[in-house]
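Participant: Structure below; questions to follow.
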Amino acid sequence: MAATKLIIGSAPQVDLAIASWQEIEPDLEIIGIRLQQDNAYRFDLSELDAIDAKRCTAFVAFDDQFLNFRRYELMAEIKSRGFKMPPLICQGTLVAKTTKVGENSFIGSGAIIDHHCQIGYNVVIGAGTNIGSNTVIAHSAWIAPGVVIGAQVKVSANATLGHGVIVTDHIEIGKLSVVDKPGKFSQHIPAKTFIYAAFDEDIVIVENRNANTHSLS
Amino acid sequence: MLSKLSQKHYIDPDIFAKEQKQIFSKLWIFAGLRTLLSEPDAFLTRTIGGIPILIQNFAGEIKAFENQCAHRQAPLQLEAYGQRKLACRYHGWSYTDDGHVKSIPHQEALYHFTADEKEKLCLRQFAIEIIGNLIFINIDADPLPIEEQFTDEFRQQLTTISGYFSSQVIHTSVPSQFNWKLNFENVLDYNHIPFVHPQTFKPLINKAAISSAPARKALPEKTLLSSLSYASTMEMQVKKWPWQASVEGFGEPDTFHTHFIYPNVNFISVGGLIFLIQQFDPISASLTDVRLSLMTARETNKIRALSAILWGYLKSEKRVLDEDRALLEGLQSNLYDNGKPSYHGAYEVQLQNVAEVYLDLMETQP
Ligand code: FES
Ligand SMILES: [Fe+2]
């Protein structure tokens, strides 16, 4: 007997995940939980208190808010309640047998992922994305539909690749970076760099670890 | 009344070249944040008054040098921000912390410099003043005493507020097709806010910014350079951010702070929680890089999503800036040589003061 599936998150993502899951497992009983955020961005998860984690599996479907931190936190919250969170690999994907996909990851219809890739947990890979062999996509990354990623690429944790991005072989995209400007990227992108169509120049976060040791005057 | 500046002042390349000499090479110019230079050999680079400059931490002391090798002009530091010893990548010369050449690889075999020659090879050093966490430099050989540009009171205000800066800063530069003076005038002109920013900025301000304008000033009174840089505050409904309990904010809540730092900086703070420094960096008569540095107040507890907060906030500031930019670029593109000067009302007294001091500075004989 198939267990019940809880799909938890923001409305459009939840609707997409429900439709996708129905396609691959038509007999699955699915409960969608569409969360509201208060103005401190907190979620009300009280609906889950009555649900027995042993009898259900769960999937968090949420957008890239706060550089994917909100989806990450929501997943951590659900997991700590004891739910199993298998990935959602939509119909019509071609994921090579030697490629591993982590918990709560989403792989959209028509995506092609070649051999020996590692897709971490909580990753979102949009429909029709193409990923070359031996590529690593670290946890909580967000890849928009149709993005093309070469072989032996590393997309680091919480990174976001927007529409129209092509990443060539051997490139590394740093942690928390956003590349949201159509075009081909053949150079490493450091952590916390934001390349965004609305800005002419790259945006960087500069940080000095020792600075906090200064005291206030 | 008619502005003292003509349209030519905003478009003429000769006037621009003169400004680089008489203003940006004479006054104290904001150059960067002390918070980013805490570690030994941390540096930043930029161009001021047309001169490439590096500012670096030498064993705790912050110094400014010309960023050009004494050998064949290669830049000594390349990146905008970094951490590296002072040495040239072209032929490997290295420098001491007073800007003298320390070592020249293959000196005996290839260069044959005398001890005297070697002693003379050094980098031009610039005067530096650190006000709280704000670094100012002056590239004049005989720099203006800082108190002639910024009053004691204003320097004290800057020291206090900048002491609250977090050390994580998001930075970008927005190339804009207008003269730098237009942007400084624009930030002084509070009356544009409801018209140019009806959605983005106006709703944040509690009361209408329109109180009645000051009376026209008595004409013969001479405007002091130091009167152009000052702080002001305004009441504002500051949104409650989920992270604000994790930082130590500055000042009263629900306050919007503005600091006008002549000639080309506007430094604001929303509620003492978010700080934004905007600098209008002159590139040519009709091109300005608007440099944005944004940070939160210093963290008392680690904020995991700080990068996301900075990024989100920068995006919203950019929307406000783009509204100004669209307007100012349109204005600039319409200017012509013999066009009429602006016509100011009473509320624009500060624009007149700025013009008066500007013309004084431009006419001062070196
Ligand atoms: S130019 Fe710097 S060492 Fe030659
Ligand atoms: Fe504005």
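The values are calculated or read from the model by the stated rules, or taken from the named source; none is laboratory data. Quick caveat, the model's predicted, so the values are computed rather than measured. Cβ sites come from the backbone with ideal geometry, for glycine too, and all protein chains shown count toward neighbours.
Participant: Residues in the stretch B:45-65: is at least one part of a loop (DSSP other than H, G, I, E, B) and within 14 Å of chain A (Cβ to nearest Cβ)? Working first, answer last.
Facilitator: Applying the first criterion (part of a loop (DSSP other than H, G, I, E, B)) to the stretch B:45-65 yields B:49-50, B:59-60.
Filter once more, keeping what is within 14 Å of chain A (Cβ to nearest Cβ): B:59-60.
Yes: the stretch B:45-65 contains one or more residues that are part of a loop (DSSP other than H, G, I, E, B) and within 14 Å of chain A (Cβ to nearest Cβ).
Participant: Any residue at all in the stretch B:277-285 that is surrounded by fewer than 19 Cβ atoms within 10 Å (Cβ to Cβ) and out of contact with any Lys or Arg (no Cβ under 6 Å at 6 or more places or on another chain)?
Facilitator: From the stretch B:277-285, those surrounded by fewer than 19 Cβ atoms within 10 Å (Cβ to Cβ) are B:283-284; that's our starting set.
Going one step further and asking which of them are out of contact with any Lys or Arg (no Cβ under 6 Å at 6 or more places or on another chain), we end up with B:283-284.
Yes: the stretch B:277-285 contains one or more residues that are surrounded by fewer than 19 Cβ atoms within 10 Å (Cβ to Cβ) and out of contact with any Lys or Arg (no Cβ under 6 Å at 6 or more places or on another chain).
Participant: Here is a further query. Would you kindly identify the strands (runs of 3 or more DSSP E) lying entirely within the stretch A:150-217 that contain at least 2 residues that are modelled with pLDDT under 90, surrounded by fewer than 21 Cβ atoms within 10 Å (Cβ to Cβ) and within 14 Å of another protein chain (Cβ to nearest Cβ)? Give the derivation first.
Facilitator: Values: elements: A:165-167, A:178-180, A:183-185, A:193-196, A:203-207.
So the answer is A:203-207.
Participant: Residues that are surrounded by fewer than 18 Cβ atoms within 10 Å (Cβ to Cβ) and within 16 Å of ligand 1 (Cβ to nearest atom): find the helices (runs of 4 or more DSSP H) completely inside the stretch B:100-203 holding 2 or more of those. Can you show your working first?
Facilitator: Numbers: elements: B:115-120, B:146-149, B:152-162, B:180-188, B:193-196.
Once the helices (runs of 4 or more DSSP H) in the stretch B:100-203 are filtered for at least 2 residues that are surrounded by fewer than 18 Cβ atoms within 10 Å (Cβ to Cβ) and within 16 Å of ligand 1 (Cβ to nearest atom), what remains is B:115-120.
Participant: For the subset of the stretch B:314-338 comprising residues that are within 14 Å of chain A (Cβ to nearest Cβ) and without any contact (Cβ under 8 Å) to a residue 60 or more places away in the chain, which member is farthest from ligand 2 (Cβ to nearest atom)?
Facilitator: First, the residues of the stretch B:314-338 that are within 14 Å of chain A (Cβ to nearest Cβ): B:314-323, B:325-326, B:329.
Applying the additional criterion that residues be without any contact (Cβ under 8 Å) to a residue 60 or more places away in the chain yields B:315, B:317, B:322, B:326.
Details: B:K315: 16, B:E317: 11, B:D322: 10, B:A326: 11 Å.
Selected residue: B:K315.
Participant: Further question on the same structure: Does A:K84 satisfy the condition of being touching a strand residue (DSSP E or B) at 6+ places or on another chain (Cβ under 9 Å) and farther than 25 Å from A:G150 by Cβ? It would help to see each step written out before you state the result.
Facilitator: On the way: touching a strand residue (DSSP E or B) at 6+ places or on another chain (Cβ under 9 Å): yes; farther than 25 Å from A:G150 by Cβ: yes.
Judged against the criteria, A:K84 is a match.
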